[in-house]
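Values quoted throughout were computed directly from the atomic coordinates according to the rules given, and no laboratory measurement underlies them. In this text, all values refer to a predicted model and were calculated from it rather than measured experimentally. Here the Cβ is made from the backbone with ideal geometry for all residues, glycine too, and neighbour counts use every protein chain on show.
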Amino acid sequence: MLSIRPSVTKHALSVFGRSIHPELFNNHRTRLISRTHYRARVDITSDGHVIAFTGSRGTTMTEVVGSIQQSLPQQRKLFEMSLRGKYTEEIQGKRGLRYSSQFELDRVAADMFWMLQTQLRQCPSPEGMIYSFDSSGRIPYGAISYVHLEEKERKLLIQAFHTFPDDHAIVKSTSTFWVEE
């Protein structure tokens, strides 16, 4: 199966106060996490990633980094922003769920991009997930998605790096989901 990522200009971050069906996405890697105060599903998708975080009281928040062409529900969408520049967002969810995110889109020179792409391939750890995409044909190497997870008793911290070789762009994000006492 050919897996090529769409251009970075066609991506957005969306946050929902609900779960989103995983069948809507072409998932390449999945990690399920279960702790006393929450459970989470983290997917690397063809477009970016999906994180569904459910607190012990049954409330779910979902972060989607993906193509704007992806058909997503509009019900209970809490936030949406195109992936441009740098920004921070914080959302107080229902029943003690909280979410914060910092995103940055960096466009770099070709040699710097190649160096960063090589470093990402070499940094996987047991706390991380990585997927290498096929080349689009224009550039001899494909995109990479790397997601690093830090699990705490009431908090999940996710650092994600998504590369876009045709654009020489890297999307860096740090997202935190937590359950208040």
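I'd like to know which of Gln70, Gly58, Gly142 lies farthest towards the positive end of the charge dipole of segment 29-181, counting +1 on Cβ of Lys and Arg and -1 on Cβ of Asp and Glu.
Toward the positive end, the furthest listed residue is Gly58.
Using a simple spin-label model with points 7 Å from Cα along the Cα→Cβ vector, what separation in nm is obtained for His21 and Tyr87?
About 2.8 nm separates the two model spin labels.
Would you work out the charge dipole size for the chain about its Cα centre, treating the Cβ of every Lys and Arg as +1 and the Cβ of every Asp and Glu as -1, and quote it to the nearest 20 debye? Intermediate values should be presented prior to the final figure.
Details: 23 positive and 19 negative charges, 105 e Å.
Value, rounded to 20: 500 debye.
Return the calculated 222 nm mean residue ellipticity for the chain, to the nearest 500 deg cm²/dmol, obtained by summing -39500 (n - 2.57) across DSSP H runs with n ≥ 4 and dividing by the residue count.
Numbers: 1 runs with 13 residues, N = 181.
Only helices count here, giving -2500 deg cm²/dmol.
Using +1 at the Cβ of each Lys and Arg and -1 at the Cβ of each Asp and Glu in segment 9-179, identify which of Gly93, Met129, Ser46 lies farthest towards the dipole's positive end.
Gly93
Identify the residues of segment 99-134 with backbone N under 18 Å of a label point that sits 7 angstrom from the Cα of Thr9 along the Cα-to-Cβ direction, or state none.
Zone members listed by number: 105-110.
Over the residues of the chain, compute the C-alpha Rg and express it relative to 2.2 N^0.38 Å. It would help to have the intermediate numbers written out before the result.
Working: Rg = 15.8 Å, N = 181, 2.2 N^0.38 = 15.9 Å.
Compactness ratio reported: 1.00.
Would you kindly derive the ³J(HN,Hα) couplings of segment 55-65 from the backbone phi angles with the Karplus curve 6.51 cos²θ - 1.76 cosθ + 1.60 (θ = phi - 60°), listing them in order in whole Hz, with x for Gly and Pro?
So the Karplus estimates, Gly and Pro as x, are x, 5, 8, x, 8, 10, 10, 10, 9, 10, 10 Hz.
Can you sort Asp43, Asp111, Asp167 from fewest to most other Cβ atoms within 10 Å of each residue's own Cβ? Display every interim value, and only then the final one.
Details: Asp43 21, Asp111 9, Asp167 17.
Ranked by crowding around the Cβ, least crowded first: Asp111, Asp167, Asp43.
Once the Cβ-Cβ distance between Glu150 and Val108 is put in as r, and R0 is 25 Å, what FRET efficiency do you end up with, to the nearest 0.05?
0.45
Output wanted: per-residue J couplings in Hz (rounded whole) for segment 15-24, from phi through Karplus 6.51 cos²θ - 1.76 cosθ + 1.60, θ = phi - 60°, x for Gly and Pro.
After applying 6.51 cos²θ - 1.76 cosθ + 1.60, I find 10, 10, x, 6, 7, 10, 4, x, 5, 6 Hz.
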